[in-house]
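Notes follow the structure.
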């Protein structure tokens, strides 16, 4: 397969080909997460599975800061590369990596100490607390490692070594699955084994990544170099521009926390388990959309650096077609696969099985709007307009879902809460469209290419 360069014209076919490493990388990560959830549910039962689903959003809120560093740095690096300044891009990468390790360590230690309080905050009941503490503290102790892995999803693409990133993710997943089985089955370590397996796998993949970019002859566009303290001035821009990726994940997990609390009220722990299964599968099914939009950040940033408006126009058209097409296909797949999915995770409990099938059938509609919203946010990140990107992310992941999960049950009853997710994403589509018109199409070149 011919290597596609960032300075080429990106057709729909080229976008797909260039996105393949990110798509497969995300599929590798999410598929192994699904296996992780399967082991916990079938070996440890619904109560432990619900415990993990209650505390996981807390971890993922903090994990999301890795996306902020990665997406913000990737957009800035791609812009510098578009201007022909690769050395500056390497300095930005090095400074960002050091920042990740320092801030990740401090944040992880502080959060690990507060896990008992955080568990109660997200609605954990007495029989859930022990599982929340065991699982949460282990994952948070390895937070800087997770930040490296999250940040370099987009960095691998910017370095034009996306396939390498995919291979590293597959190594991570394979180790995770093997250790999951070993720790939980032969060693009978329970939820602690599940957490330890995930952490060790993440540590291995992060170590491989750092060692690769440390090499001078790594044959990529980027590597670690010396930088000065003045380079930290770029950190504010990186964090604000990449905030949409972080805000999207943080807001989504805060929304999941609130959804779990509402489900405990209306449905009980079976509702939390059903939502957990849906989240696992949604992440797997929508990996193709996430992969395409991760590529969008790099391509849009490069074209913005080149000041090619016509290329950006074509990028929008191609992405809209791709995301809507895949969205409809994924919606149908969700509906068709609902029973096998529910049976795989919760087939040992008839009530949980029926509730999960019902929930998946309704929330499958979310796939249609998900890709367009994700693309819109990623596109503005690539342009360096972090504020607009954050607005879209907050609307789609927090404001609209919170509004709908209170309004819909109030109007139609507690069982209708499953409709809140597709309704929220549809509302966000309208917001995204308005912002594309006002903040891109109506903007003159001199304001767009600052």
Given the stretch 352-450, what helices (runs of 4 or more DSSP H) lie entirely inside it while holding 2 or more residues that are in contact (Cβ under 8 Å) with a residue 12 or more places away in the chain and buried (at least 23 other Cβ atoms within 10 Å of the Cβ)?
366-383, 386-394, 400-412, 420-436
Can you tell me which condition residue 296 does not meet? The list is (1) part of a helix (DSSP H, G or I); (2) out of contact with any helix residue (DSSP H, G or I) (no Cβ under 6 Å at 6 or more places or on another chain), and all the others hold.
(2)
Cross-chain or 6+ apart pairs with Cβ under 6 Å, the stretch 211-231 first and on the phi < 0 side of the Ramachandran plot and in contact (Cβ under 8 Å) with a residue 60 or more places away in the chain, then surrounded by 10 or more Cβ atoms within 10 Å (Cβ to Cβ) and part of a loop (DSSP other than H, G, I, E, B):
213/223; 213/224; 220/159; 220/161; 221/159; 221/160; 222/159
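A quick yes/no check of all residues on (1) at pLDDT 85 or above; (2) under 20 Å from residue 289 (Cα atoms); (3) in contact with a strand residue (DSSP E or B) (Cβ under 9 Å, 6 or more places away or on another chain):
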residue	(1), (2), (3)
379	no, yes, no
400	yes, no, no
406	yes, no, no
419	yes, no, no
441	no, no, no
449	no, no, no
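For every residue, the table says whether it meets (1) at pLDDT 80 or above; (2) over 20 Å from the mean Cα position of the chain (by Cα); (3) surrounded by fewer than 18 Cβ atoms within 10 Å (Cβ to Cβ).
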residue: 23; (1), (2), (3): no, no, no
residue: 61; (1), (2), (3): yes, no, no
residue: 80; (1), (2), (3): no, yes, no
residue: 98; (1), (2), (3): yes, yes, yes
Determine, yes or no, whether residue 229 is farther than 21 Å from residue 66 by Cβ, surrounded by fewer than 21 Cβ atoms within 10 Å (Cβ to Cβ), over 19 Å from the mean Cα position of the chain (by Cα) and modelled with pLDDT of 85 or more.
no
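The values are calculated or read from the model by the stated rules, or taken from the named source; none is laboratory data. Everything quoted here is computed from the prediction, not taken from an experiment. Heads up, the Cβs are rebuilt from the backbone with ideal geometry, glycines too, and the neighbour counts pull from every protein chain shown.
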